[in-house]
Amino acid sequence: MNQPVQPKINVRGIRKQFGDLIVLRHIDLDVMAGEVVALIGPSGSGKSTLLRCLNLLTIPDNGELRIGEDSFVFGKGSRLPGAKVQASFRSRTGMVFQHFNLFPHMTVLQNVMEGPLTVKGMSKTKAQELANQLLAKVGLAEKAQEYPDFLSGGQKQRVAIARALAMEPSVMLFDEATSALDPELVAEVLQVMRDLAREGMTMIIVTHEIAFAREVASKVIFMRDGVIVEQGPALQVIDQPAEEATRSFLSHFH
Ligand code: ADP
Ligand code: MG
């Protein structure tokens, strides 16, 4: 018997305002398990805020969010779970930022072990084994004992990805993970992201790498002024956008 396929992520009516500025107006979004969604749009359109709402780094004013088994209702009359539940949820939605935010006083290995040790209560032996495995996966096994300051930007970002993966996230969120990198270091990070996508990781990627989005994403979402203007299959949105605003935005990349 066919099971109805339920999306892994449901977002309904998410709204966020900072002071007088409405940053997210009414965001609805479904992401299926294993789907790779690219979120594109001009600076200030609300992409980072949306990503942050998805892992509760920012709390929406209104709306509903469900990722897997966890669901949250925001707004009047609804109560958010406590800090501990939020932190645990956050760790299961791995976030990779433009700036790597590694702990400078810890080795690469310790950086990757830290979450499993402190948040998951994993044993040191197991955390070390997992960290070594993940560093090998991102091609940095030989840097395990190095300190972040001695790594290139591309290597740092790969450590940051390994660190997020160490929490065994059900979803990976990337916020312009390659925007701060020297051009020659972008490819090695995109390759790690591409590998993750091929392994079936559910991913939402904010990126200005339009060619990468076209290649790797199954769905592309174009945002402007806190609204999803257009969304659809990557090839459709990028090669044949329906909206003038999308066309105009994409024209800057040719
Ligand atoms: P994007 O990632 O698409 O560039 P952001 O989500 O970072 O957009 O920002 C959308 C808008 O919200 C911008 O105008 C930004 O200045 C504003 N904004 C973001 N975070 C905050 C905040 N914590 N306080 C006030 N304004 C914010
Ligand atoms: Mg941003």
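Checked against the criterion of being touching a Lys or Arg at 6+ places or on another chain (Cβ under 6 Å) and either away from ligand 2 (no atom under 16 Å from the Cβ) or assigned to a strand (DSSP E or B) (or both), the candidates 39, 29 yield just one match: 39. Being within 16 Å of ligand 2 (Cβ to nearest atom) and within 17 Å of residue 218 (Cα to Cα) is the filter; apply it to segment 164-199 and report the residue that is surrounded by the fewest Cβ atoms within 10 Å (Cβ to Cβ). Per the criteria, the residue is 173. Tell me which residues, restricted to segment 90-105, are aliphatic (A, V, I, L, M) and farther than 22 Å from residue 47 by Cβ. Hit for segment 90-105 is 102, nothing else. For segment 89-106, a residue qualifies if it is in contact with a Gly (Cβ under 9 Å, 6 or more places away or on another chain) and not in a loop (DSSP other than H, G, I, E, B), and exactly one does: 91. Residue 51 meets all of the listed conditions (1) under 22 Å from residue 235 (Cα atoms); (2) part of a helix (DSSP H, G or I) but one, namely (1). Residues in segment 157-191 that are touching a helix residue (DSSP H, G or I) at 6+ places or on another chain (Cβ under 7 Å), of a type in the set (S, T, N, Q) and within 16 Å of ligand 1 (Cβ to nearest atom): 178 only.
Scanning segment 76-98 for residues that are away from ligand 2 (no atom under 16 Å from the Cβ) and either touching a residue at least 40 places away in the same chain (Cβ under 8 Å) or within 30 Å of residue 244 (Cβ to Cβ) (or both) returns 91, 92, 93, 94.
Taking segment 42-69 as the range and being within 14 Å of ligand 2 (Cβ to nearest atom), surrounded by fewer than 21 Cβ atoms within 10 Å (Cβ to Cβ) and not polar (S, T, N, Q) as the test, the residues that pass are 42, 44, 52, 57.
Going by the structure shown, is residue 9 under 19 Å from the mean Cα position of the chain (by Cα) and away from ligand 1 (no atom under 16 Å from the Cβ)? Judged against the criteria, residue 9 is a match.
Please work out if residue 161 is in contact (Cβ under 8 Å) with a residue 24 or more places away in the chain, of a type in the set (A, V, I, L, M) and within 16 Å of ligand 2 (Cβ to nearest atom).
Working: in contact (Cβ under 8 Å) with a residue 24 or more places away in the chain: yes; of a type in the set (A, V, I, L, M): yes; within 16 Å of ligand 2 (Cβ to nearest atom): no.
No; evaluated as a whole, the condition is false for this residue.
Go through the residues of segment 206-213 one by one and say whether even a single one is out of contact with any helix residue (DSSP H, G or I) (no Cβ under 8 Å at 6 or more places or on another chain), more than 16 Å from ligand 2 (Cβ to nearest atom) and within 21 Å of residue 95 (Cβ to Cβ). No, segment 206-213 contains no residue that is out of contact with any helix residue (DSSP H, G or I) (no Cβ under 8 Å at 6 or more places or on another chain), more than 16 Å from ligand 2 (Cβ to nearest atom) and within 21 Å of residue 95 (Cβ to Cβ). The sole residue among 72, 18 that is free of Cβ contacts under 8 Å to residues at least 40 places away in the same chain, touching a helix residue (DSSP H, G or I) at 6+ places or on another chain (Cβ under 9 Å) and within 16 Å of ligand 2 (Cβ to nearest atom) is 18.
Which one is nearest to ligand 1 (Cβ to nearest atom), of the residues in segment 45-69 that are under 17 Å from residue 32 (Cβ atoms) and in contact with a Lys or Arg (Cβ under 9 Å, 6 or more places away or on another chain)? Break it down stepwise before answering.
Just the residues of segment 45-69 that are under 17 Å from residue 32 (Cβ atoms), to begin with: 54, 65-69.
Subsequent filtering for residues that are in contact with a Lys or Arg (Cβ under 9 Å, 6 or more places away or on another chain) retains 65-68.
On the way: 65: 16, 66: 21, 67: 19, 68: 24 Å.
In this case the residue turns out to be 65.
Every number here is computed from the coordinates shown, using simple stated rules; none is lab data. The shown structure was predicted, so the numbers you read here are calculated from the model rather than taken from an experiment. Backbone-built Cβ (ideal geometry, glycine too); neighbour counts: all protein chains shown.
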